[in-house]
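Encoded as structure tokens, the structure appears first; notes follow it.
What follows is calculated from the coordinates using simple rules that are stated; it is not laboratory data. None of the values given here were measured: they were computed from a predicted structure. Note that each Cβ is placed from the backbone with ideal geometry, even for glycine, and that neighbours are counted across all protein chains shown.
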Amino acid sequence: MVEALQNPVRSPVQEAVSRAQVGARRLGSMSLVQRIVLIDDLRRGIGAEAAAWVRTSCESKGIDPDSNLAAEEWLNGPVSVLRNLRLLRRTLLKLAGKGTRLQTQDRNGCKTISVLPRSLDDRVLFLGFRAGVWLEPGVEVAESGPDAKTLLDREPGVAALLSAGNVTSIGPQDFIHLLFSRNRACVLKAHPVNEVLVPHLERAFQAAMDLDLLQIVVGGAQVGAELVSQEAVDEVHITGSAATYDAIVWGSGDQQESNRAANTPRLQKPISAELGCVTPVIVVPGVWSPRELRFQAENVATMLTNNASFNCVAAKVLVTSADWPQREEFLGALAEALAQIPTRRAYYPGAVERHASFCAAFPQAKLIGQGDQNNLPWALATGLDPEATGSAAFTQEAWCGVLAETALPGASPKDFLPRAVDFCNSRLFGSLSCTLIIDPRGAQEHSLSYEAALTDLRYGSIAVNHWSGLSYGLGVLPWGAHPGHTPRDIQSGVGFVHNTLLLEGVEKSVLEGPFMPPFKPLWFASHKNALKAARALTRYEEQPGLGSFLSVLSAGLRG
């Protein structure tokens with residue numbers, strides 16, 4: 001009896017945290033070279049497990065793993081993680097004195113760092129794209145990244161990591177960020193939707209688990225609450241909803257509101273978070289050819305339908321010009337594009353109820369595609385009043401396959417853009433990411449208005465002419481909400497992850513792509529060779545080489 005009291009049985013969470021403490025102490029003595037070796041070991045582990053990982057993910061979402069639709073799970077899973085590690089490896093080599101300096105510039109009065117393209121493969125795979133990281137006012141470029149000593153001298157510790165269940169790369173990439181950028185060994189609580197993937201993650205990340213740098217636990221909200229409350233946990237990172245953040249930081253029920261009012265948070269630890277967003281797509285008026293109009297309609301349709309719309313970057317509000325002569329034609333083309341994309345299994349809990357609520361709130365919504373109790377039709381509601389303060393479409397992330405459209409005055413980019421920027425900044429919930437679609441003629445003729453829009457949009461990631469989900473997948477762009485949210489009104493969260501360049505003082509990232517690329521983008525829903533290209537890209541990201549690179553091109557160009 002005395003022995004039992006002296007050695008009480010520990011819960012799985014307590015055991016995991018204890019092992020992570022061992023990993024943190026080990027991390028404190030790891031050199032840059034040892035960290036690079038670990039990255040190489042992780043890349044091999046992920047490459048070996050990738051096919052099984054994707055097959056299980058496809059089965060859980062009702063996707064044929066041998067269909068082109070399965071390319072989503074390759075791209076949103078192993079490819080993103082492998083690319084993250086490859087780019088991080090490049091940064092660590094730079095810190096070791098074996099890399100190249102970043103290019104910097106001043107853009108519309110803002111300090112920016114050019115991060116794409118940085119290599120020949122970037123120029124070929126992302127033909128016509130460029131990307132930059134914009135720094136917060138007052139941050140100098142020289143201060144934006146650590147040197148090797150600063151990185152290695154950061155106090156090691158333990159982080160609790162609460163992951164989302166929609167995209168399988170989220171938890172792994174958040175772990176990679178905390179490990180290499182924050183010097184944290186992690187205890188990852190898998191989301192219940194993704195618990196089926198835990199055996200694959202354990203095998204893929206075996207190299208980190210052998211060093212006690214990663215532990216994985218499963219369970220619901222009670223397990224998450226137990227994890228973040230452990231005394232040995234130094235910081236917390238979550239991906240999810242603002243409601244989850246509030247429950248962790250402020251408590252639940254009446255306690256939450258009283259704590260918030262008194263500014264007495266229940267959680268007394270640093271916390272970073274990537275939360276939801278009502279993601280806008282701003283369509284700037286112009287004179288588009290029929291081909292351009294059809295391409296951009298499919299572009300927006302893909303932004304909505306990828307992963308059955310269970311993405312924090314899924315298009316949710318389309319902002320058009322009421323004075324654009326081609327508005328109705330574009331909306332018709334969008335409906336046609338959606339009709340060509342099969343409906344998907346509503347695998348995420350609560351989707352059926354959220355879909356029904358949206359349709360009840362906006363009875364003008366057009367339902368597109370075959371729907372039943374498992375597969376929900378796409379819903380497109382047009383003509384929403386932009387002045388409708390508190391509209392659910394503007395204030396609540398629907399988290400299912402629905403899209404709302406609203407029109408603002410402005411016949412030209414000069415007249416329309418300031419109104420669209422103000423609407424998105426002031427009326428829509430969240431600040432994670434947005435897309436701005438503008439033809440090159442309008443961008444050139446109204447360059448001052450275009451640059452002002454990029455400067456004024458308060459979003460952590462801005463993608464021009466393409467889906468902001470690409471910013472997530474590229475790995476070279478920090479990913480997170482625009483700075484400024486407070487714990488009392490957290491909205492899209494705080495802090496940046498996917499920060500493979502280990503930058504500090506980040507305000508936003510801007511990705512600019514061609515209005516009409518020469519080849520169909522690999523992530524488009526109608527890409528005819530997406531699965532083969534995604535598998536080839538997985539091999540390339542694991543082990544870059546001429547052969548694997550040519551395989552990506554061969555498959556990707558035949559879309």
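Database remark: amide H of Arg107 closer than 5 angstrom to the amide H of Thr112 (H placed geometrically; neighbours at sequence offset of 5 or more, or on other chains; Pro and chain starts carry no H). The alpha-carbon atoms of the stretch 242-316, seen along their principal axes, cover 57, 25, 23 angstrom, with the largest extent given first. If I fit a long axis through the Cα atoms of helix 170-182 and take the longest principal axis of the Cα atoms of the chain, what angle between them do I get, 0 to 90°, rounded to 10? Between the helix axis and the principal axis of the chain, the angle is about 60 degrees. Over 26 Å apart at the Cα level, from the set Lys508/Lys532; Lys61/Lys189; Lys316/Lys366; Lys61/Lys316, are Lys508/Lys532.
Dividing the summed helix terms, -39500 (n - 2.57) for each DSSP H run of n ≥ 4, by the number of residues in the chain produces a 222 nm estimate of -12500 deg cm²/dmol to the nearest 500. Residues Trp74, Trp134, arranged from fewest to most other Cβ atoms within 10 angstrom of their Cβ, appear as Trp134, Trp74. Close amide H pairs (under 5 Å, H built 1.01 Å from N) link Thr279 with Lys316, Val317, residues at least 5 positions away or on another chain. Residue ranges 370-377, 269-276 sort as 269-276, 370-377 when ordered by packing (mean number of other C-beta atoms within 10 Å per residue, highest first). Couplings 3J(HN,Hα) for the stretch 549-556, derived from phi with the Karplus relation 6.51 cos²θ - 1.76 cosθ + 1.60 (θ = phi - 60°), are 5, 5, 5, 4, 5, 4, 7, x Hz, where x marks Gly and Pro. Working note: Karplus 6.51/-1.76/1.60 with θ = phi - 60° gives the stretch 184-196 the couplings 10, 6, 10, 10, 9, 8, 5, 5, x, 5, 10, 4, 5 Hz, where Gly and Pro are set to x.
Dividing the mean sequence gap of close Cα pairs (under 8 Å, 6+ apart) by how many residues the stretch 310-389 holds gives a relative contact order of 27 percent.
Applying the Karplus relation 6.51 cos²θ - 1.76 cosθ + 1.60 with θ = phi - 60° to the stretch 157-165 yields 3J(HN,Hα) values of x, 10, 10, 8, 10, 9, 9, 7, x Hz, where x marks Gly and Pro. Since only Ala346, Ile437, Gln543 are under comparison, the one whose Cα sits farthest along the positive direction of the charge dipole of the chain, derived from C-beta charges on Lys, Arg, Asp and Glu, is Gln543. Computed over the stretch 1-85, relative contact order equals 24 percent, with contacts defined as Cα pairs under 8 Å that lie 6+ residues apart.
Taking amide H positions as modeled 1.01 Å from N, with prolines and chain starts lacking one, the residues under 5 Å from Asp323 and 5 or more places away or on another chain are Gly410. Helix 253-262 and the long axis of the chain differ in direction by around 90°, with both axes built from C-alpha atoms.
Considering only alpha-carbon pairs that sit under 8 angstrom and 6 or more positions apart, the relative contact order computed for the chain is 19 percent.
The C-alpha atoms of the chain define a longest principal axis, and helix 12-27 lies at about 90 degrees to it. P(r) tail for the chain: Cα pairs beyond 32 Å make up 43% of the total.
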